[in-house]
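Below: the structure, in structure tokens.
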Amino acid sequence: MRSLEHGDATWRRSSYSGESGNCVEIAAVGVGRRAVRDSKDPEGGSLVVSDAAWGDFVAAVRRGEFRQA
């Protein structure tokens, strides 16, 4: 996998994240793409997915298809 830099990206985290520090952050990076990273390790790299894939993931979470282990 190729590492991508997103120095000019505006990262945001969910309002549901709370104070635990166990969060992911997302940023729009280019046309039709989102980058996802671990908020505890912002220099550790990111996963870039299409807007459609991100939307599918969010919809699955809202349907309760993912549970915290």
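Rule-based calculations on the coordinates, nothing more; no lab input. Since this is a predicted model, take the numbers as computed values, not measurements. Reconstructed Cβ throughout: ideal geometry from the backbone, glycine too, with neighbour counts over all protein chains shown.
With contacts defined as alpha carbon pairs under 8 Å and 6 or more residues apart, what's the relative contact order of the stretch 20-62 in percent?
Working: 52 pairs, mean separation 12.9, N = 43.
This gives 30 percent for the stretch 20-62.
What number comes out for the charge environment of residue 50, summing +1 per Lys or Arg and -1 per Asp or Glu over other residues with Cβ under 13 Å away? Write down the numbers at each step before the final one.
Details: positive: 33, 34; negative: 51, 56.
So the surrounding residues net to 0.
What are the trypsin sites (Lys or Arg not before Pro) within the stretch 26-63 that DSSP puts in a loop, where the Cβ has at most 15 other Cβ atoms within 10 Å? Show your work: numbers first, answer last.
Working: sites: 33, 34, 37, 40, 62, 63; in loops: 40, 63.
Filter output for the stretch 26-63: 40, 63.
Compute the Kirkwood hydrodynamic radius of the stretch 20-62, taking the inverse of the mean of 1/r over all pairs of distinct Cα atoms, and give it in Å to one decimal. Please report the intermediate quantities before stating the final value.
On the way: mean 1/r = 0.0914 Å⁻¹.
Value: 10.9 Å, from the Cα pair sum.
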